[in-house]
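Engineer: One structure, as structure tokens, below. Some questions next.
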Amino acid sequence: METAVPDKKSTATGKPWLMRLGIGLFAIGMLAVVAVFLLFAAGYSELPVWLSAGAGVITPLGLALGLISLVREHRRA
């Protein structure tokens, strides 16, 4: 028995590269935030600057890139 649904090839190849980059940066930033909280809870008061900067900069940067990508995709559609 055959189906009546035509075989269409998807024109979308997945998420755009900007969205993937945003998701990746956001995930790395969230790992840095969790690491900062865990180290602070363990009693470390002098955390590395790169870890704090990563938690404070990479997370919002990834979020911003994801939102920019989302707006661009919405305008394109």
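Engineer: Using the Karplus curve 6.51 cos²θ - 1.76 cosθ + 1.60 with θ = phi - 60°, work out ³J(HN,Hα) for each residue of the stretch 68-77 in order, rounded to whole Hz, and write x for Gly and Pro.
Structural biologist: 4, 5, 5, 5, 4, 5, 5, 5, 6, 7
Engineer: Shifting gears a bit: How large is the accessible surface per residue of the stretch 28-77, computed with a 1.4 Å probe and reported in Å² as a whole number?
Structural biologist: Ligands and nucleic acids excluded, the figure is 76 Å² per residue.
The values are calculated or read from the model by the stated rules, or taken from the named source; none is laboratory data. It should be emphasised that the depicted structure is a prediction, and the values quoted were computed from it without experimental measurement. Please note that ligands, DNA and RNA were not included when accessible areas were found on the heavy atoms of the full protein model with its side chains. Shrake-Rupley method; radii C 1.70, N 1.55, O 1.52, S 1.80 Å.
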